[in-house]
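J.: Right, I'll just put the structure down here and ask away after.
The values are calculated or read from the model by the stated rules, or taken from the named source; none is laboratory data. This is a predicted model, so every value here is computed, not measured. Glycine also receives a Cβ, built like all others from the backbone with ideal geometry; neighbour counts cover every protein chain displayed. All accessible areas refer to the heavy atoms of the entire protein, side chains included, with ligands and DNA or RNA removed. Shrake-Rupley method; radii C 1.70, N 1.55, O 1.52, S 1.80 Å.
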Amino acid sequence: MEISHVKTGDAKASFKAKDGDKEIGRMDYTEAGNDKIIIEHTEVDEAHQGEGLGHDLLMEVVSYAREKGIKIVPLCPFAKSVFEKEPELNDV
């Protein structure tokens, strides 16, 4: 499995997980200015649910935010639930 960062528009982007050529998960976000991103949606292929793929995608977004010095607004219900359970993510 490989996770890549893909810009999909002026302020839109995704982190996509692929198994070979098949997309098996994605986390979409929108840039909100220069200091914030808003996670809007997480989707994991039905065959890969329960494997922690959504969490892996979120950790890629968190690493990206830390590297860029920006904050995350988790509007997506999945991302929001992880932020509520893992206080070590509060820095972003």
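J.: I'm trying to understand the selection: among the residues of region 7-20, which are modelled with pLDDT of 95 or more and within 16 Å of ILE37 (Cβ to Cβ)?
T.: Listed by number, the residues that qualify are LYS12, ALA13, SER14, PHE15, LYS16.
J.: Enumerate the pairs (first residue in region 55-68 and closer than 17 Å to HIS41 by Cβ and open to solvent by less than 70 Å² (accessible area, probe 1.4 Å); second residue anywhere and among the aromatic types (Phe, Trp, Tyr) and outside any helix (DSSP H, G or I)) with beta-carbon separation below 9 Å, excluding pairs fewer than 6 apart on the same chain, so at least 6 apart or on different chains.
T.: That search, which allows pairs on different chains as well, returns LEU57/PHE15; LEU58/PHE15; VAL61/PHE15; VAL61/TYR29; TYR64/PHE15.
J.: Take ILE39 and tell me if it is among the β-branched types (Val, Ile, Thr), open to solvent by less than 20 Å² (accessible area, probe 1.4 Å) and in contact with a His (Cβ under 7 Å, 6 or more places away or on another chain).
T.: Answer is no for this residue.
J.: In this structure, is ASP21 farther than 18 Å from SER81 by Cβ, open to solvent by 80 Å² or more (accessible area, probe 1.4 Å) and acidic (Asp, Glu)?
T.: yes
J.: Can you tell me which of (1) surrounded by fewer than 17 Cβ atoms within 10 Å (Cβ to Cβ); (2) of a type in the set (Gly, Ala, Ser); (3) in a strand (DSSP E or B) is the one ALA13 doesn't meet?
T.: (1)
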